[in-house]
Amino acid sequence: MQAVKEKIALIMPNHLGDVVMATPALRALHKARPGAEVHVVIREELAPVLAGCPWIHRFWPHRVYATRSPWARLAQRLALARALRGMDCVLVLPNSFSSALLAFATRAPRRVGYRRGGRGWLLTERLPPPRENGRVVPLAMVRYYLDLMGRLGCPEAGTQVELFTEPEAVRECDALFERHGIDPARRLVCMAPGAGFGPSKIWPLRYAAEVARKLLDQGLQVALVHAPGEEALAAEILERTGSGLVSLGGAGMQLSLLNAILARASLLICNDAGARHIAAAFELPALVLMGPTSIRYTNMNLKLTRILREPVECSPCHLKVCPIDHRCMTRITPSRVLEEARAALYDESWRGDLDLELRV
Ligand code: SF4
C-alpha cells in the first residue's frame, strides 16, 4: 500500500521581497520533509517569482487583494480555505489576522504562526514574536520565517535566498534583449526605480535619470526594470535621460521574466524593494538606496548588496509618504551612487555590506 503523503500548505507573505526572503524556509521544509507535498498559497501576481522552484508541488494563486469589497474578500478566503481542506498542516507566514483566519478555516489539525494581533486562538502552535522591553522589534525576515519552520521541526538549511530561472523565461529574455538591442555579452546595468510600498522609498526620479545618463555616456548598457503600474515613473526617467536608455518592464511583465533578466545583469541599482532580493538570490551586485525603513528587517544576504543611506534623525519612520522634505532619500547623491556603481562594476575587491549584516 502506498504511504499517504503529508500535506503542508504555506500561506505566503504579500510582498515580493518577503516572498523571496521566505525561500530559505521553503528549502528547510523540503530538506526536513522530502516526502511531504508542499502547497503554496500566494498572490497571483507574485507566484511567477517562484517559478521553477523544485520544493513546491502546487501553487494556489489567489486574487483576494484585488477585491475591494471586504465581504467579497471574505467569501474568496472561505472558498480558498474549502479548497485547501485535507492539509495536515498550514504555516502562516504573514502577520495578519486574515491569514490566520484562512488557516483556521481550512480545518487543518496543525496551524502554525506568530502570536500577534489577537489571532493566537486561530492557531494550534504559536510563536511569540521577538521582543525587547516588551515591544515587538524588527528581525531579519529570513530569520523570522526560518524560526517558524523550526517550530515545525525543520532545521535551518542555510540562509541564502534562492530563486530559479525557467527555460521559457530565459527564451523570453533573449527575445526582449534582441528587440531592444541589448548585447548579452556586454555589461548591463538594471535600474528598478519603483517601490510598491509607497513614494517615501523612491529615490528622486531626476537623480535616477542623471545616473542613467552618466552610465550610458560611459558606454554601458542601461535598462529600467519596473513593475506593472509604474509606467508613468519609468516614462519620466526615460524622457529625462534621453537616448540609449531602454525599458524592459511595465504592463504584462511577469516576475519569472524579471528573474531571467536579473540573472543576466551585471549590476542592479534600486530602492529598498523586491528587486533587491531577486538580485541577492542570483548573486547579482546591487546598490540599494534606503531611506525610511529599518535595515534590521533585511540585514541578511548582503554579500553582494551595498546599502546606501544617509544618517537622518527621522529614519526609520516606516511611513509610506514623507511628511517633511524626503531628506533620507534626497541626500543620497547621484555622484555617490555613480562612484559605488563604478566600484561594483570594475573593482574586483568590491563587496557588499557583510559587515553590516554582522553588526546590526
Ligand atoms: S520622515 Fe524622514 S525617514 Fe521618513 S520619509 Fe521623511 S525624510 Fe525619510
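The values are calculated or read from the model by the stated rules, or taken from the named source; none is laboratory data. Just so you know, these numbers come straight off a predicted model, no measurement behind them. All Cβ positions, even for glycine, are placed from backbone atoms using ideal geometry, and neighbour counts span all protein chains on display. Note: accessible area is taken over every heavy atom of the protein model, side chains too, but ligands, DNA and RNA are not part of it. Shrake-Rupley method; radii C 1.70, N 1.55, O 1.52, S 1.80 Å.
Computed over protein heavy atoms with a 1.4 Å probe, the carbon and sulfur contribution to the accessible area of the range 167-359 reaches 52%. Leaving out ligands, DNA and RNA, and with a 1.4 Å probe, what % of the accessible surface on the range 7-151 is carbon or sulfur? Reported share for carbon and sulfur atoms: 53 percent. With protein chains left intact and a 1.4 Å probe, residues in the range 1-50 average 39 Å² of accessible area per residue. In the chain, the DSSP beta bridges split such that about 5 percent are antiparallel, to the nearest 5. Per-residue ellipticity at 222 nm computed for the chain from its helices equals -10500 deg cm²/dmol, with DSSP H segments shorter than 4 residues left out and the rest contributing -39,500 (n - 2.57). Distance from the C-alpha centroid of the range 199-245 to that of the range 146-171: 31 Å, rounded to the whole angstrom.
In this structure the amide hydrogen of L152, modeled in the peptide plane, comes within under 5 Å of no amide hydrogen from residues 5 or more places off or on another chain.
Under 5 Å from the amide H of V90 lie the amide H atoms of A9, R110, R111, V112, each residue being 5 or more positions distant or on a separate chain, with H modelled from the backbone and absent for Pro and chain starts. Ligands, DNA and RNA are left out, and with a 1.4 angstrom probe the accessible area of the range 167-359 is 44 Å² per residue. Scalar couplings 3J(HN,Hα) for the range 27-41, obtained by applying the Karplus form with A = 6.51, B = -1.76, C = 1.60 to θ = phi - 60°, are 5, 4, 5, 4, 5, 7, 10, x, x, 7, 8, 9, 10, 10, 9 Hz; x denotes Gly and Pro. Only the Cβ atoms of Lys and Arg (+1) and of Asp and Glu (-1) were treated as charged; on that basis the dipole of the range 132-213 about its Cα centre amounts to roughly 440 debye.
Annotation: amide H-H contacts under 5 Å for I269 (H modelled 1.01 Å from N, sequence separation of 5 or more, or interchain): C190, M191, A192, L287. Cross-link partners of K5 among aspartates and glutamates, defined as those whose alpha carbon lies under 16 angstrom from its own and excluding same-chain residues fewer than eight positions apart: E37, D88.
Once you have the Kirkwood Rh of the chain from its Cα pairs, apply Stokes-Einstein at 20 °C and 1.002 mPa s and quote D in µm²/s.
100 µm²/s
When both the range 289-318 and the range 333-359 are represented by their alpha-carbon centers, they are found 14 Å apart.
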